[in-house]
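As structure tokens, the structure follows; a few thoughts come after it.
The values are calculated or read from the model by the stated rules, or taken from the named source; none is laboratory data. Note that the structure is predicted; figures quoted are calculated from it, not measured. Neighbour counts are summed over all protein chains in view; Cβ atoms, including those assigned to glycine, are modelled from backbone coordinates with ideal geometry. Calculation scope for accessible area: heavy atoms of the full protein, side chains included, ligands and nucleic acids excluded. Shrake-Rupley method; radii C 1.70, N 1.55, O 1.52, S 1.80 Å.
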Amino acid sequence: VLSLASELGFLCPNLADRTDALGQRLAAQLASAPAMRCPIHGDFSANQVLVTHDGVAIIDLDWACCGDPADDLGNCIAQVECLALSGELSPGRVELVRDALLEGYAHAANRPPPERIGLYRAVKVFRRARFPFRTREPDWARRTAFLLERAEAILNTVRSSA
């Protein structure tokens, strides 16, 4: 996240102070999170799930590793959030999808979802702030600022683990 903050500050000098501050906050919270060694997908999102009448399959395991399940859950929710921010999904659907995902996780894992999901959600939205430039969106600077603002707002709702 610190490298990404530097990259974003280079791309958008007017956002350099904000990206640096957010990167520092995210890095500090990630560093203070407990070490987790659970099997995770590593890049989990709705695009990685196939559903048929016979069952459900999770695909594209090239990023599979051991880590924090909150990482996969936060990534999936962040993807849905970014779809809403771009207008591809209604904003009201984000919370519905989030609630359904977390309810399904709690049921399947037989325990409540990890508390750090909000932290990883903020990290994943922050990571997506580079995408408008990379995909050559005409208004990439505005979209970058918008994603940065959203990552800040999400992180502001997260209870510090320090």
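Given the options P34, P39, P69, name the one that is of a type outside the set (D, E) and buried (at least 19 other Cβ atoms within 10 Å of the Cβ).
That would be P69, the only listed residue that is of a type outside the set (D, E) and buried (at least 19 other Cβ atoms within 10 Å of the Cβ).
Could you tell me whether region 27-44 includes any residue that is hydrophobic (A, V, I, L, M, F, W, C), under 15 Å from L73 (Cα atoms) and touching a His at 6+ places or on another chain (Cβ under 7 Å)?
No, the conditions are met nowhere in region 27-44.
Can you tell me which residue among A84, A16, A28 is within 17 Å of the chain's Cα centre (by Cα), among the aliphatic types (A, V, I, L, M) and under 18 Å from P132 (Cα atoms)?
Step by step, each of A84, A16, A28 is checked, and only A84 is within 17 Å of the chain's Cα centre (by Cα), among the aliphatic types (A, V, I, L, M) and under 18 Å from P132 (Cα atoms).
Within the group Y105, Y120, which residue is out of contact with any His (no Cβ under 9 Å at 6 or more places or on another chain), buried (at least 21 other Cβ atoms within 10 Å of the Cβ) and either without any contact (Cβ under 8 Å) to a residue 40 or more places away in the chain or assigned to a helix (DSSP H, G or I) (or both)?
Y120
Kindly indicate the residue of region 87-102 that is out of contact with any helix residue (DSSP H, G or I) (no Cβ under 8 Å at 6 or more places or on another chain) and part of a loop (DSSP other than H, G, I, E, B) and also most open to solvent (accessible area, probe 1.4 Å) among those meeting that condition.
From region 87-102, those out of contact with any helix residue (DSSP H, G or I) (no Cβ under 8 Å at 6 or more places or on another chain) are 87-88, 92, 95-96, 99-100; that's our starting set.
When the remaining residues are screened for being part of a loop (DSSP other than H, G, I, E, B), the result is 87-88.
Working: G87: 62, E88: 135 Å².
This residue is E88.
Looking only at residues that are within 20 Å of L30 (Cβ to Cβ) and part of a loop (DSSP other than H, G, I, E, B) in region 124-162, which one is nearest to the chain's Cα centre (by Cα)?
A129
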